[in-house]
1. Using beta carbons and a limit of 7 Å, which pairs, at least six apart or on different chains, have the first residue in the stretch 48-70 and under 21 Å from residue 112 (Cα atoms) and the second one in a helix (DSSP H, G or I) and open to solvent by 60 Å² or more (accessible area, probe 1.4 Å)?
2. Mind checking which residues of the stretch 108-117 are without any contact (Cβ under 8 Å) to a residue 40 or more places away in the chain and open to solvent by less than 60 Å² (accessible area, probe 1.4 Å)?
3. Anything in the stretch 65-80 that is assigned to a helix (DSSP H, G or I) and among the hydroxyl-bearing types (Ser, Thr, Tyr)? List them, or say none.
4. Can you tell which of 103, 18, 44, 71 is surrounded by 13 or more Cβ atoms within 10 Å (Cβ to Cβ), more than 14 Å from residue 138 (Cβ to Cβ) and touching a Pro at 6+ places or on another chain (Cβ under 6 Å)?
Amino acid sequence: MWAGVFALHLLSAVLWVGGMFFALVVLRPSLAVLQPPDRIALHGKVFKRFFLVVWHAMPIAMATGYALMFGVYGGFRGTHWSIHAMHLLGLVMAVVYLALFFGPYAEFRRAPGPVALDRIRQLITLNLALGLLIILIAGAGRYGL
(Lines give C-alpha, C1' and ligand atoms only; values in the text may rest on other atoms or scores of the structure.)
Protein backbone atom coordinates (compact mmCIF):
# COMPACT_ATOMS: atom_id res chain seq x y z
CA MET A 1 0.00 0.00 0.00
CA TRP A 2 2.74 2.49 0.91
CA ALA A 3 4.38 2.04 -2.48
CA GLY A 4 1.15 3.23 -4.07
CA VAL A 5 0.92 6.22 -1.74
CA PHE A 6 4.55 7.10 -2.51
CA ALA A 7 3.92 6.74 -6.27
CA LEU A 8 0.89 9.04 -6.01
CA HIS A 9 3.00 11.52 -4.03
CA LEU A 10 5.69 11.52 -6.73
CA LEU A 11 3.16 11.76 -9.54
CA SER A 12 1.45 14.78 -8.04
CA ALA A 13 4.81 16.50 -7.49
CA VAL A 14 5.92 15.74 -11.04
CA LEU A 15 2.70 17.16 -12.48
CA TRP A 16 2.96 20.33 -10.40
CA VAL A 17 6.67 21.05 -10.80
CA GLY A 18 6.83 19.72 -14.36
CA GLY A 19 3.89 21.88 -15.35
CA MET A 20 5.63 24.98 -14.05
CA PHE A 21 8.86 24.04 -15.83
CA PHE A 22 6.98 23.50 -19.10
CA ALA A 23 5.09 26.78 -18.74
CA LEU A 24 8.20 28.87 -18.09
CA VAL A 25 10.91 27.17 -20.12
CA VAL A 26 9.00 25.80 -23.11
CA LEU A 27 5.64 27.50 -23.55
CA ARG A 28 6.37 31.10 -22.58
CA PRO A 29 9.35 31.62 -24.95
CA SER A 30 7.47 29.86 -27.75
CA LEU A 31 4.62 32.35 -27.51
CA ALA A 32 6.87 35.15 -28.75
CA VAL A 33 5.69 34.39 -32.30
CA LEU A 34 2.16 35.50 -31.39
CA GLN A 35 0.87 39.05 -31.18
CA PRO A 36 0.31 40.29 -27.59
CA PRO A 37 -3.51 39.91 -27.62
CA ASP A 38 -3.17 36.33 -28.89
CA ARG A 39 -0.46 35.55 -26.31
CA ILE A 40 -2.67 36.82 -23.50
CA ALA A 41 -5.67 34.84 -24.78
CA LEU A 42 -3.60 31.65 -25.02
CA HIS A 43 -2.20 32.19 -21.54
CA GLY A 44 -5.78 32.41 -20.27
CA LYS A 45 -6.61 29.00 -21.77
CA VAL A 46 -3.36 27.44 -20.52
CA PHE A 47 -3.72 28.85 -16.99
CA LYS A 48 -7.30 27.57 -16.71
CA ARG A 49 -6.13 23.99 -17.34
CA PHE A 50 -2.87 24.30 -15.40
CA PHE A 51 -4.50 25.68 -12.26
CA LEU A 52 -7.15 22.96 -12.43
CA VAL A 53 -4.38 20.33 -12.47
CA VAL A 54 -2.57 21.98 -9.56
CA TRP A 55 -5.81 22.26 -7.54
CA HIS A 56 -5.78 18.45 -7.60
CA ALA A 57 -2.04 17.76 -7.51
CA MET A 58 -1.23 20.06 -4.58
CA PRO A 59 -3.66 18.57 -2.03
CA ILE A 60 -2.77 15.05 -3.19
CA ALA A 61 0.94 15.81 -2.68
CA MET A 62 0.23 17.24 0.76
CA ALA A 63 -2.10 14.42 1.85
CA THR A 64 0.20 11.66 0.63
CA GLY A 65 3.20 13.40 2.20
CA TYR A 66 1.46 13.44 5.58
CA ALA A 67 0.30 9.85 5.10
CA LEU A 68 3.88 8.79 4.46
CA MET A 69 5.16 10.92 7.34
CA PHE A 70 2.89 9.33 9.89
CA GLY A 71 2.28 5.93 8.31
CA VAL A 72 5.84 5.07 7.32
CA TYR A 73 8.11 7.30 9.39
CA GLY A 74 5.97 7.43 12.55
CA GLY A 75 5.73 11.21 12.63
CA PHE A 76 8.17 14.08 12.61
CA ARG A 77 10.30 12.94 15.51
CA GLY A 78 13.52 11.33 14.43
CA THR A 79 13.03 11.78 10.70
CA HIS A 80 15.88 12.84 8.45
CA TRP A 81 16.44 16.58 7.95
CA SER A 82 15.40 16.20 4.31
CA ILE A 83 11.86 15.19 5.32
CA HIS A 84 11.52 18.32 7.46
CA ALA A 85 12.91 20.50 4.67
CA MET A 86 10.56 19.00 2.08
CA HIS A 87 7.63 19.52 4.45
CA LEU A 88 8.48 23.16 5.10
CA LEU A 89 9.15 23.99 1.46
CA GLY A 90 6.02 22.11 0.36
CA LEU A 91 3.95 24.25 2.72
CA VAL A 92 5.61 27.39 1.34
CA MET A 93 4.82 26.22 -2.20
CA ALA A 94 1.18 25.69 -1.25
CA VAL A 95 0.96 29.20 0.22
CA VAL A 96 2.60 30.72 -2.87
CA TYR A 97 0.16 28.80 -5.08
CA LEU A 98 -2.84 30.03 -3.10
CA ALA A 99 -1.51 33.61 -3.18
CA LEU A 100 -1.00 33.26 -6.92
CA PHE A 101 -4.44 31.77 -7.56
CA PHE A 102 -6.39 34.24 -5.44
CA GLY A 103 -4.16 37.23 -6.31
CA PRO A 104 -2.64 37.71 -9.75
CA TYR A 105 -4.58 34.89 -11.44
CA ALA A 106 -7.91 36.22 -10.14
CA GLU A 107 -6.85 39.66 -11.38
CA PHE A 108 -5.90 38.17 -14.76
CA ARG A 109 -9.30 36.46 -15.06
CA ARG A 110 -11.06 39.78 -14.37
CA ALA A 111 -8.85 41.86 -16.68
CA PRO A 112 -6.34 39.88 -18.77
CA GLY A 113 -3.22 41.93 -19.34
CA PRO A 114 0.54 42.01 -19.21
CA VAL A 115 0.84 43.30 -15.62
CA ALA A 116 -1.10 40.39 -14.10
CA LEU A 117 0.67 38.03 -16.49
CA ASP A 118 4.05 39.20 -15.24
CA ARG A 119 3.03 38.80 -11.59
CA ILE A 120 1.85 35.26 -12.37
CA ARG A 121 5.18 34.52 -14.06
CA GLN A 122 7.10 35.80 -11.04
CA LEU A 123 5.20 33.61 -8.58
CA ILE A 124 5.39 30.55 -10.84
CA THR A 125 9.15 31.15 -11.11
CA LEU A 126 9.42 31.26 -7.32
CA ASN A 127 7.40 28.08 -6.94
CA LEU A 128 9.41 26.33 -9.65
CA ALA A 129 12.63 27.19 -7.81
CA LEU A 130 11.16 25.84 -4.56
CA GLY A 131 9.95 22.69 -6.31
CA LEU A 132 13.34 22.04 -7.89
CA LEU A 133 14.99 22.60 -4.52
CA ILE A 134 12.66 20.03 -2.96
CA ILE A 135 13.63 17.54 -5.67
CA LEU A 136 17.32 18.11 -4.92
CA ILE A 137 16.68 17.71 -1.19
CA ALA A 138 14.71 14.50 -1.78
CA GLY A 139 17.58 13.05 -3.78
CA ALA A 140 20.17 14.14 -1.23
CA GLY A 141 18.13 12.82 1.68
CA ARG A 142 17.52 9.49 -0.02
CA TYR A 143 21.25 8.90 -0.22
CA GLY A 144 22.03 10.02 3.31
CA LEU A 145 23.44 13.48 2.69
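The values are calculated or read from the model by the stated rules, or taken from the named source; none is laboratory data. These figures come from a predicted structure and were not determined experimentally. Don't worry about glycine lacking a Cβ; one is built from the backbone with ideal geometry, like all the others, and counts go over all protein chains shown. Please note that ligands, DNA and RNA were not included when accessible areas were found on the heavy atoms of the full protein model with its side chains. Shrake-Rupley method; radii C 1.70, N 1.55, O 1.52, S 1.80 Å.
1. 53/15
2. We begin by selecting, within the stretch 108-117, every residue without any contact (Cβ under 8 Å) to a residue 40 or more places away in the chain; these are 110-111, 115-116.
Of everything in the stretch 108-117, just one residue is without any contact (Cβ under 8 Å) to a residue 40 or more places away in the chain and open to solvent by less than 60 Å² (accessible area, probe 1.4 Å), namely 116.
3. The initial filter retains those residues of the stretch 65-80 that are assigned to a helix (DSSP H, G or I), namely 65-71.
Once the filter is applied, which keeps residues that are assigned to a helix (DSSP H, G or I) and among the hydroxyl-bearing types (Ser, Thr, Tyr), the stretch 65-80 yields only 66.
4. Answer to the check: 44.
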